[in-house]
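Report on the structure given below.
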Amino acid sequence: MYQFFVKEEQVGKDFITITRPDVNHIKNVLRMRPGEIVRVSSEGGQDYACSVLELTDTFVQLDIQDAGIAGTELSNQIFLFQALPKGDRMETIIQKAVELGVSEIVPVSMRYCVVKLDQHRAQAKVRRWQAVAESAAKQSKRSRIPTVHPVMDFKEAISHAMECDCRLVPYENERGMQSAAEAFRAIRTGDRISVMIGPEGGFSSEEIDAVRKKMQVLSLGRRILRTDTAAITMMSALMLHLETMEQMEQLKQMKSMEQSGQTDEASGV
């Protein structure tokens, strides 16, 4: 089932209208026909199962079949503050982070970043990275397209990361996994989580001192990970932890409801 994203004004009571540029993709690339089923998500994160009703050169009309299909978003928002890597690694990081449930991605310029972008190049890169995020969101059936922010300097990034409830910083020189275990146990459903990933050259001593005063510095193991590996490792660990936590809470609620029903039945209510 193919995935598409629309603005709220494109959603009607019974129909959804898709406009350019997805029209050409649906009609001429995918060669879809009336009756085929697609998944559509609105800006607000509402998901719909729809069937293709009509295809024209300017729009595709979809008939809403089910407005209550299960969403795919995590119960917590994750904000990835990623130091600028060299080559095309940022695209890989964005693609995988979106698949793993990231909410927003902030490229960060740090002292030991190999890549230095002027304003014009940075703007062009962010447009490209946002397109990568949208493509990954479609592929992974996300309910929302994560936002890729303009490049920030380190001080600005810290200020934004501080707005989150949990602030995590993997650091290659940190030892022991106790801090990581404690940080994950402290996460609660609905918490906003920031993850600060350093560059190929690592955090400078001034940078790690600055975050250590305000954030939870932790280890990802005894091996030194590349910046892209560290980002994907953190996102994978968080996704598994949050999905498990959410499922455990659902099971607990179901068990509580069953016990409540049994109590009512025993009391003759």
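Would you work out the relative contact order for the chain, in percent, from Cα pairs under 8 angstrom that are 6 or more residues apart?
That works out to 18 percent.
Longer than 19 Å from Cα to Cα, which of LYS86/LYS116; LYS96/LYS125; LYS7/LYS96; LYS86/LYS138; LYS27/LYS125; LYS7/LYS138 are they? Say none if no pair is.
Table pairs above 19 Å Cα-Cα are LYS7/LYS96; LYS86/LYS138; LYS27/LYS125.
Could you give me the ³J(HN,Hα) list for segment 16-30, computed from phi with Karplus coefficients 6.51, -1.76, 1.60 and θ = phi - 60°, whole Hz, x at Gly and Pro?
Ordered by residue, 3J(HN,Hα) equals 10, 10, 9, 10, 4, x, 5, 4, 4, 5, 5, 7, 9, 9, 7 Hz.
Carbon and sulfur: what percent of segment 177-221's accessible surface (1.4 Å probe)?
49
Taking only Cα atoms and a 10 Å spring cutoff, compute GNM fluctuations for the chain and point out the largest among PRO150, PRO21, PRO34.
The residue with the greatest mean-square fluctuation here is PRO21.
Calculate the spin-label point distance for LEU53 paired with THR92, positioning each point 7 Å from the Cα along the beta-carbon direction, and give it in nanometres.
4.5
Which aspartates and glutamates have a Cα less than 14 Å from the Cα of LYS155, not counting those fewer than 8 places away in the same chain?
Cα-Cα hits under 14 Å: GLU163, GLU206, GLU207, ASP209.
Show me the helices of the chain, taken as full DSSP H stretches, that run 18 Å or more along their long axis by Cα and average 0.0 or above in Kyte-Doolittle hydropathy.
Answer set is empty.
Using a simple charge model, +1 on the beta-carbon of Lys and Arg, -1 on the beta-carbon of Asp and Glu, nothing else, what dipole does the chain show about its Cα centre, in debye to the nearest 20?
Magnitude of the dipole: close to 1060 debye.
Counting other Cβ atoms within 10 Å, keep those with at most 16, restrict to DSSP loop, and tell me which GluC sites (Glu not before Pro) in segment 41-73 are left.
GLU43, GLU73
Near the amide H of TYR2, under 5 Å away, which other amide H atoms are found, from residues 5 or more places off or on another chain, if H is placed in the peptide plane?
Amide H neighbours of TYR2: ARG39.
Could you report the chain's accessible area per residue, 1.4 Å probe, as an integer in Å²?
On a per-residue basis, the chain sits at 54 Å².
Taking the Cα centroid of segment 1-45 and of segment 202-220, what is the distance between the two, rounded to the nearest whole Å?
44
Among SER140, THR72, ILE105, whose Cα lies farthest out toward the positive end of the dipole of the chain, if unit charges sit on the beta carbon of Lys, Arg (+1) and Asp, Glu (-1)?
It is ILE105.
What list of ³J(HN,Hα) couplings, whole Hz, do you get for segment 62-76 from phi and the Karplus terms 6.51, -1.76, 1.60, once you set θ to phi - 60° and write x for glycine and proline?
Each residue's phi maps through the Karplus curve to give 10, 9, 6, 8, 8, 9, x, 6, 5, x, 10, 7, 5, 6, 10 Hz.
Using the Karplus curve 6.51 cos²θ - 1.76 cosθ + 1.60 with θ = phi - 60°, work out ³J(HN,Hα) for each residue of segment 5-14 in order, rounded to whole Hz, and write x for Gly and Pro.
10, 9, 7, 4, 5, 8, 9, x, 5, 10
Quick one: which residues, 5+ away or cross-chain, put their amide H under 5 Å from the amide H of VAL108? H built at 1.01 Å from N.
GLN82, ALA83, LEU84, MET152
Could you work out how much longer the chain between VAL29 and ASP191 gets when fully extended? Use 0.36 nm per residue separation minus the Cα distance between them, nm to one decimal.
In short, 54.3 nm is gained.
Select from ILE158, ILE26, ILE93 the residue whose mean-square fluctuation is largest in a Gaussian network model of the chain (Cα-Cα springs shorter than 10 Å).
Judging by the Gaussian network model, the answer is ILE26.
Of the labelled options (1) 26.0; (2) 19.0; (3) 22.5, which one gives mean projected area of the Cα convex hull in nm² as computed for this structure?
Checking each listed value against the structure points to (2).
The values are calculated or read from the model by the stated rules, or taken from the named source; none is laboratory data. Just so it is clear, the structure is predicted and the values come from calculations on it, not from any experiment. In this analysis, Cβ positions are derived from the backbone assuming ideal geometry, glycine residues included, and neighbour counts consider all displayed protein chains. Side chains included, ligands, DNA and RNA excluded: accessible areas come from the protein's heavy atoms. Shrake-Rupley method; radii C 1.70, N 1.55, O 1.52, S 1.80 Å.
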